[in-house]
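J.: Encoded as structure tokens, here's the structure I'll be asking about.
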Amino acid sequence: MKKDGANSSRGPAAPAHIAALTPYQPGKPIEEVERELGLRDSIKLASNENPLGPSKLALQALERTLGNLHRYPDGGAVALTDRLARSHSVDPCQVILGNGSNEIIELIARTFVDPNGEVVMSADGFLIYHLVTQAAGARSVRVPPQGYCHDLDAMAAAINDSTRVVFIASPNNPTGTIIDRQTWKRFLAQVPPEILVVVDHAYIEYVDDAEHPDPLEDLGAYPDKHPGVVVLRTFSKIFGLAGLRVGYGVGGAEVIGAMARVRQPFNVNLPAQAAALAALDDSDHIERSCALARAGRARYRVACERLGLKFVESHANFVLVEVGRGAEVTEALLHRGVIVRPMDVYGMPDKIRITFGTEEEDERCLAALEAVLLERES
Ligand code: PMP
């Protein structure tokens, strides 16, 4: 075939809905920031990671796998899947593992969302929901939040015949807010059974509020009651294994089975499977991580009140703070070796999101923030 046509030099073009995608911008690695700015001893409080690092039990388990790296991992991740199923009192066929819970979010879109479909989410919900919807050629219905909370009643009202999936994050990233049991029950009662309801619990281990609903409890006891509910969890946050990429979904057997047909074999690597399994046993690490986030919430509450800064009451390991020009404050903090996240992409240019660190890191961040804000005033 002749290849010298006017268009051939441009090569293949992605369809319009892919060309229109704005890729997710993750927090920059410390090494990259330090190289760019000539800094040392920076602290990264930009990706909601665990400042305590991984659990020692996880590291030991990971090391034991290193001699076997020439082998493929267990494609069904049986040991980890069985362990998770047992701890949530569900059948193993109700559990699916992913390369981070991001992969499960993407699998959900690839499995259940067609180009004519709609996906309902909160306008300030985790951005990946919007991205996977766009990538599927479908339409995001971004429902305005109430205050900084998901407006579940409005989200239920936004469901129509084209709706395929509803995404709910609790705690939500970047707001740190949660849904409550009563609103959740009212929401569920309004949702038709053919709609997939995804409850993203990436930060659930940090929640202290007894009124926070956990549909996983119901899934175990009444597996057929809400066959369209899928709960997502991750090893990236409290378990401190973000670099290994392990997350999972728990839901009705049919929904999970459909996703399993789309999933790539070996999507969770060998060291990741072993480390995640061991991390589940490290209750001391989990408790210390929780305590640190609780202390962080208290520390930032006191400091923000002292500095006269508005903030959103958080139930997770990070806090959204109103600082004026968020991107400029982020840049000024960067030059002081403190990496936080500007919120422009979430339509909140006056805010930054700060992940809680160790006590020392929190104090350093707060001192830098105070100095930057003083500098801007003068
Ligand atoms: N859901 C929420 C709400 C998140 O904040 C994140 C991480 N930023 C994820 C899911 C994805 O986490 P991972 O892919 O690391 O499991």
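The values are calculated or read from the model by the stated rules, or taken from the named source; none is laboratory data. Keep in mind it's a predicted model, so treat the numbers as computed, not measured. Please note: Cβ atoms are built from the backbone with ideal geometry, for glycine as well, and neighbour counts cover all protein chains shown. These area figures cover heavy atoms from the full protein model, side chains too; ligands, DNA and RNA do not enter into them. Shrake-Rupley method; radii C 1.70, N 1.55, O 1.52, S 1.80 Å.
J.: How long is the gain from residue 19 to residue 377 if the chain were fully straight, where each residue apart is worth 0.36 nm and the alpha carbon distance is subtracted?
T.: Computed gain between residue 19 and residue 377 is 124.7 nm.
J.: Same structure, new question: Provide the FRET efficiency to the nearest 0.05 for the residue 254-residue 146 pair, computing r from the beta carbons and using R0 = 35 Å.
T.: Once rounded, the FRET efficiency stands at 0.60.
J.: Considering only DSSP beta bridges whose two residues both sit in the chain, what percent are antiparallel, to the nearest 5?
T.: 50 percent
J.: Next question. I need the shape label for the chain. Rule: rounded when a/c is under 1.5, else prolate if a/b > b/c, else oblate, with a, b, c from the alpha carbon gyration tensor.
T.: rounded
J.: Would you please give the FRET efficiency between residue 41 and residue 186, computed as 1/(1 + (r/R0)^6) with r the Cβ-Cβ distance and R0 = 56 Å, to the nearest 0.05?
T.: It comes out at approximately 0.70.
J.: What residue among 240, 137, 357 has the largest mean-square fluctuation in a Gaussian network model of the chain, using Cα springs under 10 Å?
T.: 137
J.: Continuing with this model, one more query. Dipole magnitude of the chain about its Cα centre, charges +1 at Lys/Arg Cβ and -1 at Asp/Glu Cβ only, in debye to the nearest 20?
T.: Result for the chain is approximately 940 debye, rounded to the nearest 20.
J.: Expressed as a rounded percentage, what relative contact order does the chain have, with Cα pairs under 8 Å and six or more residues apart?
T.: Dividing the mean separation by the residue count of the chain yields 23 percent.
J.: State whether the range 160-270 is rounded, prolate or oblate according to the following rule on the C-alpha gyration tensor (a ≥ b ≥ c being the square roots of its eigenvalues): a/c under 1.5 gives rounded; otherwise a/b larger than b/c gives prolate, and the remaining case gives oblate.
T.: oblate
J.: Got a sec? Charge dipole of the chain, +1 on Cβ for Lys and Arg, -1 for Asp and Glu; which of 178, 137, 343 is way out at the positive end?
T.: Checking the options against the dipole of the chain, the answer is 137.
J.: Another question about this same structure. Local charge sum around residue 102 (other residues, Cβ-Cβ under 11 Å, Lys/Arg +1, Asp/Glu -1)?
T.: After counting each charged neighbour, the total is -2.
J.: With springs connecting C-alpha atoms under 10 Å apart, model the chain as a Gaussian network and identify which of 168, 18, 352 has the largest mean-square fluctuation.
T.: Of 168, 18, 352, the Gaussian network model singles out 18 as fluctuating most.
J.: Just want to confirm a number: the relative contact order over the range 122-229, from Cα pairs under 8 angstrom separated by 6+ residues, in percent.
T.: 25 percent
J.: Also, quick follow-up: Which of the three applies to the range 90-219, rounded, prolate or oblate, going by the alpha-carbon gyration tensor with a ≥ b ≥ c and a/c under 1.5 meaning rounded?
T.: Here the range 90-219 falls in the rounded category.
J.: Tell me the GluC sites (Glu not before Pro) within the range 287-378 that lie in a loop according to DSSP and have at most 11 other beta-carbon atoms within 10 Å.
T.: Passing both the DSSP loop test and the Cβ count: no residue.
J.: Stretch residue 123-residue 350 to full length: gain in nm at 0.36 nm per residue minus the Cα-Cα span?
T.: Full extension from residue 123 to residue 350 adds 80.1 nm.
J.: Using a 1.4 Å probe, what is the accessible area per residue for the chain, in Å²?
T.: Value returned for the chain: 47 Å² of accessible area per residue.
J.: Expressed as a whole percentage, what fraction of the accessible surface of the chain belongs to carbon and sulfur atoms when a 1.4 Å probe is rolled over the protein heavy atoms?
T.: Ligands and nucleic acids excluded, carbon and sulfur give 52 percent.
J.: What FRET efficiency, computed as 1/(1 + (r/R0)^6) with R0 = 25 Å and r the Cβ-Cβ distance, is obtained for residue 287 and residue 218, rounded to the nearest 0.05?
T.: Plugging the Cβ-Cβ distance into 1/(1 + (r/R0)^6) gives 0.45.
J.: Can you check what the Kirkwood hydrodynamic radius comes to for the range 27-99, Cα pairs only, in Å to one decimal?
T.: 16.0 Å
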